[in-house]
Amino acid sequence: MPKTICLALTGASGMPYGLRLLECLLEAGCKVQLLYSQASQVVARQEMEFELPSRPSDAKTALLARLPAVDAEKLAVFGREEWFAPVASGSNPPDAMVICPCSMGTLAAIAQGLADNLIERAADVVLKEGRKLVLVPRETPFSAIHLENMLRLSRAGAVILPPSPGFYHHPQSVQDIVDFVVARVMDQLGISHTLMQRWGE
């Protein structure tokens, strides 16, 4: 059975990571449940000149236009207040969830157990059901509050994966740097990929 991955895009810088991850998950045959915040729409426009519509159905259409080679039936897009979405309940959790990029506000809300929108609720469900939660926080420098929230989430079972690219693979482009980070996320999810040559190969 293909894995079901919940992918959330929030308002931190780093939208190229999130959209590339979406592409790689779909190409790997995963079912992707996509959530996105209002701030992520601003970031997508600023960083990628990509208009991410507010209506989930329109957002799915726009995303599939960017990724014409993927199976449209593998992608489901949900609104911020769509409380009947599968990810809102522990009776139907995804196999794993990734928040990429993850804003400090979203990270803090999850660390405190808040569930005021579908992204926060989905993360809460994944943690309480013992599934893998991967957070890709894009901020620098980290304050003591940020670090304490990350430690609290790590102790609760989340994986904190800052987008810190290595350079031992001799990247030749920004895309190579993006792929390095996306490869690390795919590894955490246990999904095979050929994004980069591994150390020692």
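The values are calculated or read from the model by the stated rules, or taken from the named source; none is laboratory data. Since the model is a prediction, treat every value here as computed from it, not as a measurement. So basically every Cβ, Gly included, is an ideal-geometry build from the backbone, and we count neighbours across all protein chains shown. Please note that ligands, DNA and RNA were not included when accessible areas were found on the heavy atoms of the full protein model with its side chains. Shrake-Rupley method; radii C 1.70, N 1.55, O 1.52, S 1.80 Å.
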Contour excess over end-to-end distance, with Cα ends at Asp176 and Ala65 and 0.36 nm allotted per residue: 37.7 nm
Within the accessible area of the stretch 115-177 (1.4 Å probe), percent carbon and sulfur: 52 percent
By average C-beta atoms within 10 angstrom, highest first, the peptides 35-45, 187-197, 8-18: 8-18, 35-45, 187-197
Hz values of 3J(HN,Hα) by residue in the stretch 122-131 - Karplus curve (6.51, -1.76, 1.60), Gly and Pro given as x: 4, 5, 4, 4, 4, 5, 5, 8, x, 8
Equivalent-ellipsoid semi-axes of the stretch 93-195, from the Cα gyration tensor, Å, largest first: 25, 17, 11
Per-residue HN-Hα couplings for the stretch 8-25 [Karplus 6.51, -1.76, 1.60; θ = phi - 60°; Hz; x = Gly/Pro]: 10, 10, 10, x, 7, 5, x, 4, x, 5, x, 6, 5, 5, 4, 4, 5, 4
Residues whose placed amide H lies under 5 Å from that of Ala156, excluding near-sequence neighbours: none
Label of the coordinate-derived value, Rg/Rh (Cα atoms, Kirkwood Rh), listed as (1) 1.01; (2) 0.98; (3) 0.94: (3)
Residues with amide H under 5 Å from that of Leu7, placed H, sequence gap 5 or more: Gln33, Leu34, Leu35, Val98
Extension gain from Ser91 to Ala72, taking 0.36 nm per residue of separation minus the Cα-Cα distance: 4.4 nm
Per-residue HN-Hα couplings for the stretch 34-41 [Karplus 6.51, -1.76, 1.60; θ = phi - 60°; Hz; x = Gly/Pro]: 9, 10, 8, 8, 5, 5, 5, 5
Fraction of accessible area attributable to carbon and sulfur, the stretch 11-82 (%, probe 1.4 Å): 48 percent
Per residue value of the accessible surface for the chain (all protein chains in place, 1.4 Å probe), Å²: 49 Å²
Distance-filtered residues of the stretch 169-187 - backbone nitrogen under 19 Å, label point 7 angstrom along Ser13 Cα→Cβ: 173-182
